[in-house]
Ligand code: HPA
Ligand code: ZN
């Protein structure tokens with residue numbers, strides 16, 4: 001077995017994927033038809049052509065526009081089931097999945113409708129593929145603290161189905177500290193905290209996410225290399241980074257994959273994991289990311305095994321499941 005084939009087949013966890021970012025053009029047009037809507041793109045090819053991004057914001061504009069076709073709980077269920085099937089095919093045994101409820105409640109979709117659909121999809125995915133999953137609610141950082149608090153209040157009846165809370169959307173000028181009080185409440189509710197930090201924003205946002213929000217994992221975190229003391233801290237404390245290689249190249253965080261800081265972070269002893277972020281928008285799922293990294297860096301089997309082990313260890317799966325996989 002080649003190192004790449006080995007990496008494809010390894011049991012692994014996906015810890016950074018936005019369910020809204022798994023909306024493939026084919027499903028987007030099918031949901032638009034089902035809901036009597038017209039997408040602002042003539043066909044799948046035109047939508048695909050719109051995916052020439054220049055930065056995070058240019059992606060987010062399209063991502064939020066396409067999410068408009070998600071209306072009823074069965075739309076969310078179909079989306080979730082399609083993702084879980086695709087992840088399963090790539091050796092993903094466990095997925096911790098972000099959702100952005102504010103994108104939906106702002107359009108008048110009830111929170112309960114979103115939750116019912118995501119949970120139905122997860123239950124069917126577990127039955128069909130044996131894949132386990134968790135949900136992470138992300139607050140949109142371009143919106144206000146007040147709106148985040150309102151979203152947290154709306155989520156309270158569903159806390160049994162939400163394992164953690166995160167922070168996503170436009171990073172620049174929206175530092176983690178903007179949501180210090182919201183995440184204090186999240187911690188008081190006994191929920192885990194993660195945050196997107198150090199994707200387009202500075203390394204100092206990573207430190208802030210750890211110190212002010214109490215984040216236990218950092219999503220992206222690739223700009224940590226600008227602060228050697230922070231890199232030492234991440235390594236010493238075993239803080240996992242959920243790195244998304246194809247996303248970073250498509251959003252021009254790095255000019256090419258060879259410029260990616262993933263090998264430097266691994267060499268420094270940081271617990272790095274590989275993830276797909278928004279696979280329908282960035283050119284691929286888990287194993288497409290693995291292939292792109294392999295083409296750039298040619299990792300050996302031991303390195304691929306370490307990356308898969310990192311993902312399972314850094315996951316919130318139960319001890320019994322972890323013992324089965326690792
Ligand atoms: N960064 C910030 N917000 C997001 C992303 C991302 O990579 N994907 C979906 N929302
Ligand atoms: Zn992300």
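Values quoted throughout were computed directly from the atomic coordinates according to the rules given, and no laboratory measurement underlies them. None of the values given here were measured: they were computed from a predicted structure. Here Cβ is always computed from backbone atoms with ideal geometry, including for glycine, and neighbour counts include all displayed protein chains.
For this structure, a couple of remarks:
- Highest to lowest packing among 297-306, 65-74, scored as the average C-beta count within 10 Å: 65-74, 297-306
- Zero-based 10 Å bins, Cα pair distances in the chain, whole percents: 6, 28, 38, 24, 5, 0
- Here the Gaussian network model covers the chain, with springs between Cα atoms less than 10 Å apart; of 14, 145, 156, 156 fluctuates the most.
- Pair residue 305, residue 88: separation of 7 Å Cα→Cβ label points (nm): 2.8 nm
- Label point at residue 55 placed 7 Å out along Cα→Cβ; residues across segment 201-218 whose backbone nitrogen lies under 15 Å: 201-202
- Mean-position separation - Cα centroids, segment 48-80 and segment 281-302, in angstrom: 23 Å
- For segment 229-271 versus segment 11-31, the gap between their alpha-carbon centres in whole angstrom: 23 Å
- Translational diffusion of segment 171-275 was estimated from the Stokes-Einstein equation, with Rh taken as the Kirkwood radius over Cα pairs; at 20 °C and 1.002 mPa s the coefficient is 156 µm²/s.
- Residue 124 versus residue 324: modelled label distance in nm, points set 7 Å from Cα along the beta carbon direction: 2.2 nm
- Mean residue ellipticity at 222 nm, helices only, the chain: -14500 deg cm²/dmol; runs of at least 4 DSSP H residues each add -39,500 (n - 2.57), and the sum is divided by the number of residues.
- Kirkwood's formula applied to the C-alpha pairs of segment 90-228 gives a hydrodynamic radius of 15.6 angstrom.
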